[in-house]
Amino acid sequence: KKHVLIIGAGGVAQVVAHKCAQNNDILGDIHIASRTVEKCEAIIASVREKNALKTDGAIAAHALDAMDVEATKALIERTGARIVINVGSAFLNMSVMSACIATGAAYIDTAIHEDPLKVCEPAPWYANYEWKRREECEKAGVTAILGAGFDPGVVNAYARLAKDEYFDSIESIDIIDINAGSHGRYFATNFDPEINFREFTGQVWSWQGSKWVSNKMFEIGHEWDLPTVDKQKAYLTGHDEVHSLSQLLGVPNVRFWMGFGDHYINVFTVLKNLGLLSEQPVTTAEGLEVVPLKVVKAVLPDPSSLAPDYTGKTCIGDLVKGVKDGKPREVFIYNVADHKEAYQEVGSQGISYTAGVPAVAAAMLIATGEWDVKKMANVEELPPQPFLSLLGRIGLPTRIREGEHDMELPLA
């Protein structure tokens, strides 16, 4: 068994821990590490409360500053972990990857690396950090799977599935992410507020006409009529998967659309216009140096605290247009997740659930060898069928809508 080390102790880490426990016959011992070991211990208590461990096995908490490469290497070696699932801050990616390369452990993350002092770096974002280390990973024989959450992650597999099985040529991929749920708070973000806001304060990059196009946030909106959640307004947004799909699949148009309500947009706009979403330090009248964005993060609800009261559903998928057998074709490949069902199963809300389950599926495919490619890969570079079939079995079934027909993707 390839024992697992989970880095991070937020809502996504909770999902990952539960799903690893449910599949520990494949994944072996489970270790959870964070700067705040009490958060890791709370996750373990949740796993034990729900009797999630499929077979007898170890599950342990560890204190770790994952920015410290030597400390992370030492923990990997001490635990015997051969798969590291990084669901901590996106600021940690390069440090954790370095520790994996040094120890030979497989690496999985769910988002692009970010520099705390830089927002919206030049496109394609993966080329700024991760892709520079492709040769290093391959030379070390280390499997590093990038962006193995839902978006990025599952939507990348949907795109690859469409390319392989539904189209001879693809003209456009529109990734649509709608959260039609409600958490009941005045204002909150569904994952780390700092990372959430950084996505939306810079340029909105999309891939159109085989070139990068820049817009402002909330500049371009579109109403989509989707399964289960019906008509929803979404806005063209910069997002991780656009940066890999545009470069790896040869599709001339790749866009990402995220749903936002008017209230979110109003609060976001006020915060941004006041300078409260800046990542650059400022000095108060009292001589204290603070980062406005970190202050906003500190006063907003912890995303993991939203789970008990969350209701409603998410719908996330790829609307793919192209040609098959000389005729135009349009297919929507998607998943619907339920916030309350996610909480009942693993104690987290649906956004965390959709991000965490795929990372565990990727770990399982590494453990069984199907995705243990001994090099760096984005999800669309890997066979999609084993991934999507496994997801269907462990909680995230894929559906396909074409015209009047809507069906679940058959399990392999």
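The values are calculated or read from the model by the stated rules, or taken from the named source; none is laboratory data. The shown structure was predicted, so the numbers you read here are calculated from the model rather than taken from an experiment. Note that each Cβ is placed from the backbone with ideal geometry, even for glycine, and that neighbours are counted across all protein chains shown. Heavy atoms of the whole protein, side chains included, go into the accessibility calculation; ligands, DNA and RNA do not. Shrake-Rupley method; radii C 1.70, N 1.55, O 1.52, S 1.80 Å.
Given a cut-off of under 8 Å on Cα pairs at least six residues apart, what relative contact order in percent is computed for the range 97-196? Let's see the in-between values first.
On the way: 63 pairs, mean separation 28.7, N = 100.
Across the range 97-196, relative contact order equals 29 percent.
Based on the alpha-carbon set only, what is the convex hull volume of the range 211-320 divided per residue, in Å³?
Numbers: hull volume 17.8 nm³, N = 110.
Looking at the range 211-320, the number lands at 162 Å³ per residue.
Mean residue ellipticity at 222 nm from the helices of the chain, using -39,500 (n - 2.57) per DSSP H segment of n ≥ 4 over the full residue count, to the nearest 500 deg cm²/dmol?
Working: 14 runs with 142 residues, N = 412.
Estimated from H runs of four or more residues: -10000 deg cm²/dmol.
Using just the C-alpha positions of the range 135-235 as equal point scatterers, what log10 of I(q)/I(0) does the Debye formula give at each q in 0.11, 0.14, 0.21, 0.23 1/Å?
Per q value, in the given order, log10 I(q)/I(0) is -0.52, -0.84, -1.50, -1.52.
Once amide H atoms are built 1.01 Å from N in the peptide plane, which residues 5 or more positions from Ser172, or in another chain, come under 5 Å H to H?
Lys321
If you take every DSSP beta bridge fully contained in the chain, what fraction is antiparallel? Give it as a percent rounded to 5. Walk me through the numbers before you get to the answer.
Working: 47 of 76 bridges.
Expressed as a percentage, antiparallel bridges in the chain total about 60.
Hey, can you rank 77-85, 273-281 by average C-beta count inside 10 Å, highest first? Show your work: numbers first, answer last.
Values: 77-85: 21.8, 273-281: 13.9.
Ranking, from highest mean packing down: 77-85, 273-281.
Could you tell me the accessible area of Arg185 in Å² (1.4 Å probe, neighbours in place), rounded to the nearest ten?
Accessible area of Arg185: about 90 Å².
Please give the residues of the range 153-175, grouped as numeric ranges, whose backbone N is less than 18 Å from a label point set 7 Å along the Cα-to-Cβ vector of Ser210.
Only 168-173 fall inside the zone, counting backbone N under 18 Å.
Ranked from highest to lowest mean number of other Cβ atoms within 10 Å per residue, what is the order of the peptides 87-93, 204-210, 64-70? All intermediate terms of the calculation are to be shown ahead of the outcome.
Values: 87-93: 21.9, 204-210: 18.1, 64-70: 16.3.
Put in order of decreasing packing, that is 87-93, 204-210, 64-70.
Going by amide H atoms built from the backbone, whose H comes under 5 Å of the H on Ala60, apart from near neighbours?
Distant-sequence amide H within range of Ala60: Ile30, His31, Ile32.
Looking at the range 1-74, what % of its DSSP beta bridges pair antiparallel, to the nearest 5? Walk me through the intermediate numbers first.
Numbers: 0 of 9 bridges.
The answer is about 0 percent antiparallel.
Per the 1.4 Å probe, what fraction of the accessible area of the range 145-254, in percent, lies on carbon and sulfur atoms?
42 percent
For the range 292-412, report the translational diffusion coefficient in µm²/s to the nearest whole number, using Stokes-Einstein at 25 °C, 0.890 mPa s, and a Kirkwood Rh over Cα pairs. Intermediate values should be presented prior to the final figure.
Working: Rh = 16.8 Å.
Stokes-Einstein gives a translational diffusion coefficient of 146 µm²/s.
Within straight cross-link reach of Lys375, meaning Cα distance under 29 Å, which lysines are found once same-chain residues fewer than 8 apart are removed?
Lys1, Lys2, Lys19, Lys73, Lys118, Lys132, Lys139, Lys163, Lys211
If you rank Thr189, Thr110, Thr36 by how much accessible surface each has, with a 1.4 Å probe, what is the order from largest down?
On the way: Thr189 0, Thr110 35, Thr36 55 Å².
Most to least solvent-accessible, the answer reads Thr36, Thr110, Thr189.
From the phi angles alone, apply the Karplus equation (6.51, -1.76, 1.60; θ = phi - 60°) to the range 386-399 and give each ³J(HN,Hα) in whole Hz, x where the residue is Gly or Pro.
Using θ = phi - 60°, the values come out as x, 5, 5, 5, 5, 4, x, 7, 10, x, 10, x, 9, 10 Hz.
Where q = 0.09, 0.11, 0.15, 0.21 Å⁻¹, what log10 of I(q)/I(0) comes from the Debye formula for the range 1-160, counting one point per Cα?
One equal scatterer on each Cα of the range 1-160 leads to -0.28, -0.42, -0.79, -1.43.
Quick one: Cα centre-to-centre distance for the range 1-71 and the range 207-243, in angstrom?
35 Å
For the range 349-401, divide the Cα radius of gyration by the Kirkwood radius and give the resulting Rg/Rh value with two decimals.
Values: Rg = 11.5 Å, Rh = 11.7 Å.
A ratio of 0.98.
For an R0 of 60 angstrom, estimate the FRET efficiency from the Cβ-Cβ distance between Ala102 and Thr269 and round to the nearest 0.05.
Values: r = 44 Å, r/R0 = 0.74.
FRET efficiency, Ala102 to Thr269: 0.85.
Scaled to the compact-protein estimate 2.2 N^0.38 Å, what is the alpha-carbon radius of gyration of the range 31-126, rounded to two decimal places? Mind showing how you got there, number by number?
Working: Rg = 14.9 Å, N = 96, 2.2 N^0.38 = 12.5 Å.
That works out to 1.19 for the range 31-126.
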